[in-house]
Amino acid sequence: MIYIVSGTQWGDEGKAKVIDFFALDFDYVVRYQGGANAGHTVCFNDKKIVFHLMPSGILRENVTTIIGNGVVLELSELMKEIEIVSREINIDGRLWISRKANIVMPYHKLMDKVKEEATGKDIGTTLRGIGPCYVDKMDRVGIRLEDLYGSKDILKQKIEKAYLVKKFMFENYYKISDLPTVEEMLDGVLLYAEKLEKYVADTEKILHNAHKERKNILFEGAQGALLDIDFGTYPYVTSSNTISAGALIGSGIGAFDIANVIGITKAYITRVGGGPFPTELKDEIGDYIRKQGNEFGSTTGRPRRCGWFDAVATKYAIDINGVKEIFLTKIDVLDGLREIKVCTKYRLPDGSLTEYFPANSCLLEKVTPEYLKLPGWEEKTFGLRSYAKLPDNAKRYIEFLETILERKISYISTGFDRDDVIER
Ligand code: GDP
Ligand code: IMO
Ligand code: MG
């Protein structure tokens with residue numbers, strides 16, 4: 001059985017909590033794209049772990065985790081996470097990293113930084129070097145994990161080749177003087193080679209065998225559909241295919257039957273960084289949601305922009321992902337609001353109405369959301385684990401979303417703890 005869990009908004013929908021929850025029933029959990037730009041939080045036994053690279057299923061001892069070829073690896077971050085998780089649980093034999101995965105090099109992070117500075121932080125990246133690393137991958141000058149285990153001379157030549165033009169730009173255009181040397185970067189990556197060697201594998205082969213043995217495989221999307229490089233709000237997106245289709249490319253699983261795609265959807269919506277955001281709340285309600293939902297970036301600590309649920313955007317995300325059912329998260333954050341709005345249509349600049357999401361940033365900046373108003377609820381939903389116990393207006397809100405999205409909301413998350421879940 002193959003399941004894909006994918007965010008339907010601009011990230012931070014609570015994917016890690018959901019992966020950790022589902023992982024009990026799966027043999028494999030696989031990350032397939034993105035890198036340490038992701039911040040995936042799992043809360044258990046009063047502890048909190050934020051994963052950037054390791055699959056969030058690693059905390060369940062029944063699970064083998066895989067970091068697929070589509071992920072870009074920041075080696076120092078990976079090592080740090082391995083150490084943190086190893087203090088909690090034995091990971092030996094439960095973590096495999098694709099030898100084909102590309103490595104984020106110091107010049108990628110530097111390029112990310114100078115580009116952001118030069119453009120006034122227009123995109124507002126996480127500065128993890130993600131975009132520049134994927135650029136080099138496509139330009140065929142990427143450094144792959146497997147390169148650490150071949151000839152040192154060849155690796156040095158590869159780094160030189162990838163660095164050549166960038167070094168010229170850093171020196172002559174951006175006027176940076178204290179640049180890392182090729183030797184320093186070579187030693188820097190080789191530092192991790194020995195420690196990581198036992199995890200390196202042909203992960204596609206592991207997955208093919210797992211599939212043949214009818215194992216249950218769960219794919220963990222990072223970011224969200226609206227940040228997808230092709231279908232998101234380009235150019236205000238990340239540099240990978242975040243949607244469910246990316247799971248195939250980023251792991252080599254092959255287009256076998258995908259039993260289910262579960263869309264993770266927050267009961268409102270957030271965005272970090274720049275870009276259009278039609279339902280953004282720049283008022284005290286936005287501040288209330290940010291405070292109640294602790295909406296601060298798991299990777300960068302930046303305050304997240306908050307807004308009303310956008311059904312136009314979510315319906316689009318459902319379609320491009322092939323979402324079959326929905327896991328609604330953070331309903332408890334709306335507790336205490338007198339009135340809740342849902343955007344059901346956009347008014348376009350020419351006055352016409354549309355229910356279809358225009359993933360065009362220039363146009364999206366100019367749309368006006370049309371809202372339906374629903375009554376809020378005073379009672380606390382935080383930590384509730386039975387649908388019957390939810391306030392009537394919370395049920396009404398959930399059932400309204402189901403109707404408008406034309407998908408069943410099969411699970412509802414009511415708190416950050418791994419067990420705060422209602423199954424319907
Ligand atoms: P991800 O990137 O999609 O995995 O999400 P993040 O970890 O970046 O952000 C989600 C945040 O919300 C984390 O701090 C979670 O612990 C927390 N969270 C997840 N589900 C719920 C929920 O239902 N209610 C509340 N209050 N917090 C939640
Ligand atoms: P998770 O997996 C929210 C955003 C950045 C920026 C844009 C490009 O935790 O949901 P990048 O560093 O990827 O080049 O930045 O994408 N972004 C995220 N926003 N959650 C994430 O991941 C994100 N990963 C990247 O803020 O706007
Ligand atoms: Mg996150």
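Values quoted throughout were computed directly from the atomic coordinates according to the rules given, and no laboratory measurement underlies them. Quick caveat, the model's predicted, so the values are computed rather than measured. Every residue, glycine among them, receives a Cβ derived from its backbone with ideal geometry; neighbour counts consider all protein chains shown.
List of remarks:
- Region 266-309 and region 9-83 have Cα centres spaced 22 Å apart.
- Estimated dipole of the chain in Debye, rounded to 20 [Cβ of Lys and Arg +1, of Asp and Glu -1, Cα centre]: 160
- Residue with peak Gaussian network fluctuation, the chain [Cα springs, cutoff 10 Å], from 94, 290, 140: 140
- Protection proxy ranking, peptides 130-138, 208-216, 34-42, average beta carbon neighbours within 10 Å, highest first: 34-42, 130-138, 208-216
- Protection-proxy order for peptides 315-322, 4-11, 223-230, each taking the mean of Cβ atoms within 10 Å per residue, highest first: 4-11, 223-230, 315-322
- Convex hull volume per residue, computed on the Cα atoms of region 195-317, equals 152 Å³.
- Burial ordering of 306, 43, 362, 343, fewest other beta-carbon atoms within 10 Å first: 362, 43, 343, 306
- All-pairs alpha carbon distance profile, region 314-424, 5 Å steps from 0, percent: 2, 11, 19, 19, 18, 15, 10, 5, 2, 0
- Using 0.36 nm per residue and subtracting the Cα-Cα separation, the extra length available between residue 354 and residue 302 on full extension is 15.5 nm.
- Between region 186-230 and region 397-411, the Cα center-to-center distance that results, in Å: 33
- Among 350, 12, 122, 147, a tally of other beta-carbon atoms within 10 Å of each Cβ gives an order, fewest to most, of 350, 122, 147, 12.
- Residues residue 140 and residue 193, FRET efficiency given R0 of 30 Å [Cβ-Cβ distance, rounded to 0.05]: 0.85
- Convex hull per residue volume in Å³, alpha carbons only, for the chain: 141
- Label-point gap, in nm, between residue 288 and residue 179 - each point 7 angstrom along Cα→Cβ: 5.3
- Selected from 154, 206, 409 as most flexible by GNM, with the chain as the system and alpha-carbon contacts under 10 Å: 154
- The convex hull of the Cα atoms of region 130-249, projected and averaged over all directions, covers 9.9 nm².
- Taking 0.36 nm per residue of separation and subtracting the Cα-Cα distance, full extension of the segment from residue 387 to residue 87 would add 104.4 nm.
- Projected onto its three principal axes, the C-alpha set of region 52-165 covers 45, 38, 21 Å, listed from the longest axis down.
- 66, 258, 97 arranged by Cβ crowding within 10 Å, fewest neighbours leading: 258, 97, 66
- Cross-link table 47/341; 15/341; 109/156, entries beyond 22 Å C-alpha to C-alpha: 47/341; 15/341
- Entries in 17/380; 80/166; 100/366; 205/408; 137/324 that, when Cα-Cα distance is taken, lie over 30 Å: 100/366; 205/408; 137/324
- Radius 11 Å from Cβ of residue 330, net charge of other residues (Lys, Arg +1; Asp, Glu -1): -4
- Measuring r between the beta carbons of residue 80 and residue 319 and using R0 = 30 Å, the FRET efficiency lands at 0.20.
- Compactness index (Cα Rg / 2.2 N^0.38 Å), region 102-196: 1.09
- Sequence ranges 106-115, 166-175, ranked by mean other-Cβ count within 10 angstrom, highest first: 106-115, 166-175
- Candidates 25, 92, 332, ranked by Gaussian network fluctuation over the chain, Cα under 10 Å, top entry: 92
- Taking every DSSP helix (H) stretch of at least 4 residues in the chain, weighting each as -39,500 (n - 2.57) and dividing the sum by the residue count yields a mean residue ellipticity at 222 nm of -9500 deg cm²/dmol.
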